[in-house]
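Peer 1: I'd like to ask some things about the structure below.
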Amino acid sequence: MKVAFIAAEIVPFSKTGGLADVSSAIPKALSDLGHDVIVITPLYKSIDTEKNEIKLVSENNLAKVGEKEEVFDLYLSHIPKSKVPVYFVKNHYLYREGVYVDTDGIDYKDSPMRFITFTKAVFKILENLEFSPDIIHANDWHTGLLPFYLRTEYSDKDLFKRTKTIYTIHNIGYQGTYPFESVKDANIPDLYFNEDLLGFNNKLNFMKAGIVYSTIVSTVSSKYAEEIQTKKFGFGLEKIIKTRKDDLYGIVHGVDLTIWSPKTDSLLVKNYDSRNLKGKAECKSYLQGKLNLEINDKPILGIITRLATQKGLYLILRKFDELMKLNVQIILLGTGDKTLETQFKKKEKQYPDDSSINIMFDNVLAHQIEAASDMFLMPSEYEPCGLNQIYSMIYGTVPVVRKTGGLSDTVQDFDPKTKEGYGFVFEKSTQKDFLKAVKRAVELYYEEPNTWKKLTKRIMELDFSWKKVAKKWQKVYEKALAKR
Ligand code: ADP
């Protein structure tokens with residue numbers, strides 16, 4: 001199959017969250033299965049073109065956006081350790097320091113026009129390359145208008161005659177809802193703005209466009225596929241999702257083991273595997289030293305996250321004092337909400353020897369926390385797939401998670417009788433239930449070290465490789481191709 005995979009962020013070039021990890025992993029895994037995959041993404045100012053060996057292909061290409069011809073330069077590199085070409089669109093709308101927000105964390109006001117321009121450039125690139133895709137795979141709100149344009153403006157073009165679209169929802173909490181006025185330069189005919197098509201409470205909704213116009217809709221866990229059909233998790237799009245429920249699939253992500261494996265991770269001071277956990281202990285004392293924590297055997301509770309309400313971080317904040325009483329250390333890495341940042345920093349002041357709050361985006365530290373921690377906290381209110389609980393398991397770090405979305409699909413609750421399970425799962429988003437789950441974990445750590453060790457080894461041996469997942473994607477692509 002010929003596949004064009006389109007996303008706003010792609011590791012190792014750009015990243016704000018999980019979308020970036022999987023936008024490089026899915027194309028790579030599909031290419032490993034023998035498919036002809038190309039990736040197209042924006043070029044941001046923050047991308048180091050030299051380090052990433054990104055080369056100029058052509059200048060002054062034109063993409064028609066409304067009445068205007070938008071000029072863009074085309075660049076090319078590859079997904080590391082693969083044959084997959086990555087094309088970059090450089091245009092004044094896109095070429096900014098951040099992906100979605102400026103250096104002060106403020107949303108770019110012209111994001112709707114930025115991503116429409118990107119979308120139109122994608123079509124132009126495919127035309128220039130004469131790349132006739134079987135599948136265009138669009139992701140999240142930024143590329144929601146791709147299936148729309150394919151079915152309208154580009155429907156007569158020979159190049160796209162047999163093209164089908166997959167639209168993947170990575171997080172329905174971010175829909176790209178903007179006043180119609182904000183896209184007036186795109187000249188989308190008014191008739192499309194009605195509430196059955198692109199309109200949503202009298203605004204343009206990018207994600208809705210993706211859902212309405214794509215051949216197949218997918219999301220990133222089977223639990224989340226159910227959840228987004230409900231009022232609580234659908235953020236207003238539940239009805240529209242339900243209309244597509246026969247074409248809706250939920251596939252949990254795999255892990256790129258060339259990046260996330262304690263056996264080979266070059267960002268760790270010591271590598272280790274399930275048969276020899278000594279390296280993990282070294283990673284722990286190294287990180288305690290690096291972050292000026294007391295070097296001791298207390299279990300480390302790791303947290304790596306966008307500081308957003310979705311992530312259930314108030315549960316951690318409100319129970320911080322009681323967590324510390326359990327004789328643990330807490331290491332947090334995250335950026336985002338300013339109130340959360342300040343409140344967590346206050347807690348660090350209270351417990352300087354046993355807590356380390358790192359307000360930054362730091363990939364090296366993220367890997368080191370995964371390796372050094374004993375437990376990993378994800379008390380999310382909702383979590384479409386979640387990657388860190390999976391990375392944690394691979395690194396022998398026991399996840400404590402709320403039973404939602406991908407967390408529910410991937411973490412089986414530990415049963416004290418049978419000693420089976422992969423982590424500690426709680427149902428309700430309450431402080432009480434959260435604390436209870438952490439307590440269960442910490443108690444097992446202190447009171448049954450052998451059971452703990454076995455649990456650690458067991459989760460490290462689970463199979464989260466992309467190979468298995470890629471076959472599921474292939475099936476979904478085949479389903480799309482079979483559709484009229
Ligand atoms: P989401 O996409 O909702 O942010 P995921 O769990 O799917 O959540 O993916 C988050 C990804 O971003 C993980 O790879 C995680 O390690 C990374 N990440 C999040 N915050 C940071 C940070 N402050 N520094 C480094 N990596 C981070």
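The values are calculated or read from the model by the stated rules, or taken from the named source; none is laboratory data. In this text the structure is predicted, and so the values were computed from the model without any measurement. Heads up, the Cβs are rebuilt from the backbone with ideal geometry, glycines too, and the neighbour counts pull from every protein chain shown.
Peer 1: In the range 443-481, which residues are among the aliphatic types (A, V, I, L, M) and under 22 Å from residue 383 (Cβ atoms)?
Peer 2: The answer is 455, 459, 460, 462, 469, 476.
Peer 1: Determine which member of the set 295, 330 is in contact with a helix residue (DSSP H, G or I) (Cβ under 7 Å, 6 or more places away or on another chain) and more than 20 Å from residue 423 (Cβ to Cβ).
Peer 2: One residue alone meets the criteria, 295.
Peer 1: Somewhere in the range 277-300, is a residue out of contact with any Asp or Glu (no Cβ under 6 Å at 6 or more places or on another chain) and within 13 Å of the ligand (Cβ to nearest atom)?
Peer 2: No.
Peer 1: Residues of the range 301-325 being in contact (Cβ under 8 Å) with a residue 60 or more places away in the chain and within 16 Å of the ligand (Cβ to nearest atom), which ones?
Peer 2: Passing the criteria: 301, 302, 303, 304, 305, 306, 309, 310, 311, 312, 313, 316.
Peer 1: Another one. Report yes if some residue within the range 207-219 is without any contact (Cβ under 8 Å) to a residue 40 or more places away in the chain and either in contact with a strand residue (DSSP E or B) (Cβ under 7 Å, 6 or more places away or on another chain) or over 30 Å from residue 27 (Cβ atoms) (or both); otherwise report no.
Peer 2: Within the range 207-219, none of the residues are without any contact (Cβ under 8 Å) to a residue 40 or more places away in the chain and either in contact with a strand residue (DSSP E or B) (Cβ under 7 Å, 6 or more places away or on another chain) or over 30 Å from residue 27 (Cβ atoms) (or both).
Peer 1: Within the range 391-424, restricting attention to residues that are of a type in the set (D, E, K, R) and without any contact (Cβ under 8 Å) to a residue 24 or more places away in the chain, which residue is farthest from residue 222 (Cα to Cα)?
Peer 2: Applying the filter and picking the extreme gives 417.
Peer 1: For the range 374-390, name all the residues that are within 12 Å of the ligand (Cβ to nearest atom) and either without any contact (Cβ under 8 Å) to a residue 12 or more places away in the chain or touching a Ser or Thr at 6+ places or on another chain (Cβ under 8 Å) (or both).
Peer 2: 376, 378, 380, 381, 382, 383, 384, 385, 386, 388, 389, 390 - these are the residues of the range 374-390 that are within 12 Å of the ligand (Cβ to nearest atom) and either without any contact (Cβ under 8 Å) to a residue 12 or more places away in the chain or touching a Ser or Thr at 6+ places or on another chain (Cβ under 8 Å) (or both).
Peer 1: A further question on this structure: Would you please list the contacts, defined by Cβ atoms under 7 Å and residues six or more apart or on different chains, that run from a residue in the range 342-367 that is assigned by TED's automatic domain parsing to the domain that holds residue 304 to a residue that is away from the ligand (no atom under 16 Å from the Cβ) and in a loop (DSSP other than H, G, I, E, B)?
Peer 2: Close Cβ pairs (under 7 Å, with a partner that is away from the ligand (no atom under 16 Å from the Cβ) and in a loop (DSSP other than H, G, I, E, B)) amount to 353/293; 353/294; 354/293; 354/294; 354/298; 356/293.
Peer 1: Taking the range 87-108 on its own, how many of its residues are free of Cβ contacts under 8 Å to residues at least 60 places away in the same chain and farther than 19 Å from residue 49 by Cβ?
Peer 2: The qualifying residues number 7.
Peer 1: Continuing with the same structure: Answer yes if at least one residue in the range 359-367 is on the phi > 0 side of the Ramachandran plot, at pLDDT 95 or above and surrounded by 15 or more Cβ atoms within 10 Å (Cβ to Cβ), and no otherwise.
Peer 2: no
Peer 1: For the range 214-250, enumerate the residues that are within 14 Å of the ligand (Cβ to nearest atom) and either surrounded by fewer than 18 Cβ atoms within 10 Å (Cβ to Cβ) or under 16 Å from residue 166 (Cα atoms) (or both).
Peer 2: Scanning the range 214-250 gives 219, 220, 221.
Peer 1: Check 316, 303 and return the single one that is in contact with a Gly (Cβ under 9 Å, 6 or more places away or on another chain) and modelled with pLDDT of 95 or more.
Peer 2: 303
Peer 1: Same structure again: Considering every residue within the range 422-434, establish whether at least one is surrounded by fewer than 20 Cβ atoms within 10 Å (Cβ to Cβ), in a strand (DSSP E or B) and more than 22 Å from the chain's Cα centre (by Cα).
Peer 2: Taking every residue of the range 422-434 in turn, none turns out to be surrounded by fewer than 20 Cβ atoms within 10 Å (Cβ to Cβ), in a strand (DSSP E or B) and more than 22 Å from the chain's Cα centre (by Cα).
Peer 1: Here is a further query. Kindly provide the set of residues from the range 397-409 that are crowded, with 24+ Cβ neighbours inside 10 Å and in a helix (DSSP H, G or I), ordered by number.
Peer 2: Residues satisfying the conditions are 405, 406, 407.
To keep it simple, each residue is scored yes or no on (1) farther than 27 Å from residue 259 by Cα; (2) not basic (Lys, Arg).
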{"site": "31", "(1), (2)": "no, yes"}
{"site": "45", "(1), (2)": "no, no"}
{"site": "67", "(1), (2)": "yes, yes"}
{"site": "82", "(1), (2)": "no, yes"}
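Peer 1: Quick one: in the range 148-195, of everything that is within 28 Å of residue 478 (Cα to Cα) and polar (S, T, N, Q), which residue is nearest to the ligand (Cβ to nearest atom)?
Peer 2: Ranking the qualifying residues of the range 148-195, first place goes to 171.
Peer 1: Still on this structure, please answer the following. Checking residue 249 against (1) more than 24 Å from residue 483 (Cα to Cα); (2) outside any loop (DSSP other than H, G, I, E, B); (3) not charged (D, E, K, R), only one condition comes out false. Which one?
Peer 2: Residue 249 satisfies every listed condition except (1).
Peer 1: Can you name every residue in the range 326-340 that is among the polar types (S, T, N, Q) and within 12 Å of the ligand (Cβ to nearest atom)?
Peer 2: Hit for the range 326-340 is 335, nothing else.
Peer 1: Of all residues in the range 114-152, which are in a loop (DSSP other than H, G, I, E, B) and touching a strand residue (DSSP E or B) at 6+ places or on another chain (Cβ under 9 Å)?
Peer 2: 131, 132, 133, 134, 140, 144
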